[in-house]
Amino acid sequence: QVQLVESGGGLVQPGGSLRLSCAASGSIFSIYSMAWYRQAPGKQRELVAAITSGGSTNYADSVKGRFTISRDNAKNTVYLQMNSLKPEDTAVYYCKYVIGGATYWGKGTLVTVSS
């Protein structure tokens with residue numbers, strides 16, 4: 001069994017920064033990929049950023065140049081550095097891991113961008 005725990009969400013003013021973390025624990029043998037998704041009120045969950053085991057990354061167009069995904073393999077942790085935050089970035093952010101062909105989701109952390 002794999003558990004994912006997100007942290008780092010909160011309230012930030014427009015133009016501010018936050019760093020999200022997602023740590024995996026449990027029966028982890030080989031993490032194929034990690035990703036961050038978000039879901040705003042009344043909207044579908046969408047991909048924000050993803051990173052493969054080889055370090056390849058991809059980003060949603062709406063966050064390119066502002067967000068950076070990274071991973072620490074030794075800690076089984078993925079990060080999302082979010083800069084120049086906008087009100088439209090307000091959402092619950094979820095991490096997703098693909099491990100051994102199975103997909104695991106965290107419970108989410110709320111990010112609110114508001115003055």
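Please indicate, with yes or no, whether at least one residue in region 96-103 is open to solvent by 20 Å² or more (accessible area, probe 1.4 Å) and on the phi > 0 side of the Ramachandran plot. I'd like the intermediate steps shown before the answer.
Applying the first criterion (open to solvent by 20 Å² or more (accessible area, probe 1.4 Å)) to region 96-103 yields 96, 98, 100-103.
From what's left, on the phi > 0 side of the Ramachandran plot: 100-101.
Yes, region 96-103 contains at least one residue that is open to solvent by 20 Å² or more (accessible area, probe 1.4 Å) and on the phi > 0 side of the Ramachandran plot.
May I ask you to list the residues in region 1-32 that are farther than 11 Å from Gly106 by Cα, modelled with pLDDT under 90 and either of a type in the set (A, V, I, L, M, F, W, C) or under 13 Å from the mean Cα position of the chain (by Cα) (or both)?
Within region 1-32, Ile28, Phe29, Ile31 qualify.
Scan region 60-77 residue by residue and report those that are basic (Lys, Arg), surrounded by fewer than 17 Cβ atoms within 10 Å (Cβ to Cβ) and at pLDDT below 95. Show your work before the answer.
To start, the set of residues in region 60-77 that are basic (Lys, Arg) comprises 64, 66, 71, 75.
Add one more test, that the residue is surrounded by fewer than 17 Cβ atoms within 10 Å (Cβ to Cβ), and what stays is 64, 66, 75.
Of everything in region 60-77, just one residue is basic (Lys, Arg), surrounded by fewer than 17 Cβ atoms within 10 Å (Cβ to Cβ) and at pLDDT below 95, namely Lys75.
Residues of region 78-89 being surrounded by fewer than 18 Cβ atoms within 10 Å (Cβ to Cβ) and either polar (S, T, N, Q) or under 8 Å from the mean Cα position of the chain (by Cα) (or both), which ones? It would help to see each step written out before you state the result.
Restricting attention to region 78-89, the residues satisfying the condition of being surrounded by fewer than 18 Cβ atoms within 10 Å (Cβ to Cβ) are 81, 83-84, 86-88.
Result: Gln81, Asn83, Ser84.
Can you tell me which residue is nearest to Val92 (Cα to Cα) among those in region 41-59 that are small (Gly, Ala, Ser) and surrounded by 14 or more Cβ atoms within 10 Å (Cβ to Cβ)? Don't jump to the end; show me each part of the working.
We begin by selecting, within region 41-59, every residue small (Gly, Ala, Ser); these are 42, 49-50, 53-56.
Still in the list and also surrounded by 14 or more Cβ atoms within 10 Å (Cβ to Cβ): 49-50.
Working: Ala49: 14, Ala50: 16 Å.
My answer is Ala49.
Kindly check whether there is at least one residue in region 47-61 that is touching a Lys or Arg at 6+ places or on another chain (Cβ under 6 Å) and not hydroxyl-bearing (Ser, Thr, Tyr). Please lay out each step first, then the result.
Taking region 47-61 first, the residues touching a Lys or Arg at 6+ places or on another chain (Cβ under 6 Å) are 48, 51.
Remaining after also requiring not hydroxyl-bearing (Ser, Thr, Tyr): 48, 51.
Yes, some residue in region 47-61 is touching a Lys or Arg at 6+ places or on another chain (Cβ under 6 Å) and not hydroxyl-bearing (Ser, Thr, Tyr).
Taking region 24-40 only, how many residues are surrounded by fewer than 17 Cβ atoms within 10 Å (Cβ to Cβ) and either among the small types (Gly, Ala, Ser) or without any contact (Cβ under 8 Å) to a residue 24 or more places away in the chain (or both)?
Quick first cut of region 24-40, residues surrounded by fewer than 17 Cβ atoms within 10 Å (Cβ to Cβ) only: 25-30, 32, 39-40.
If we keep only those that are either among the small types (Gly, Ala, Ser) or without any contact (Cβ under 8 Å) to a residue 24 or more places away in the chain (or both) too, we end up with 25-27, 30, 40.
Result for region 24-40: 5.
Out of the strands (runs of 3 or more DSSP E) lying entirely within region 1-98, which hold 2 or more residues that are aromatic (Phe, Trp, Tyr)? Explain how you work it out, then say what you get.
Working: elements: 2-7, 10-12, 18-26, 31-39, 46-52, 57-59, 67-72, 77-82.
Once the strands (runs of 3 or more DSSP E) in region 1-98 are filtered for at least 2 residues that are aromatic (Phe, Trp, Tyr), what remains is 31-39.
The values are calculated or read from the model by the stated rules, or taken from the named source; none is laboratory data. Treat the numbers as computed from the prediction; the structure is a model and nothing was measured. Positions of Cβ are backbone-derived with ideal geometry, glycine not excepted, and every protein chain shown enters the neighbour counts. With ligands, DNA and RNA removed, areas are computed over all heavy atoms of the protein, side chains included. Shrake-Rupley method; radii C 1.70, N 1.55, O 1.52, S 1.80 Å.
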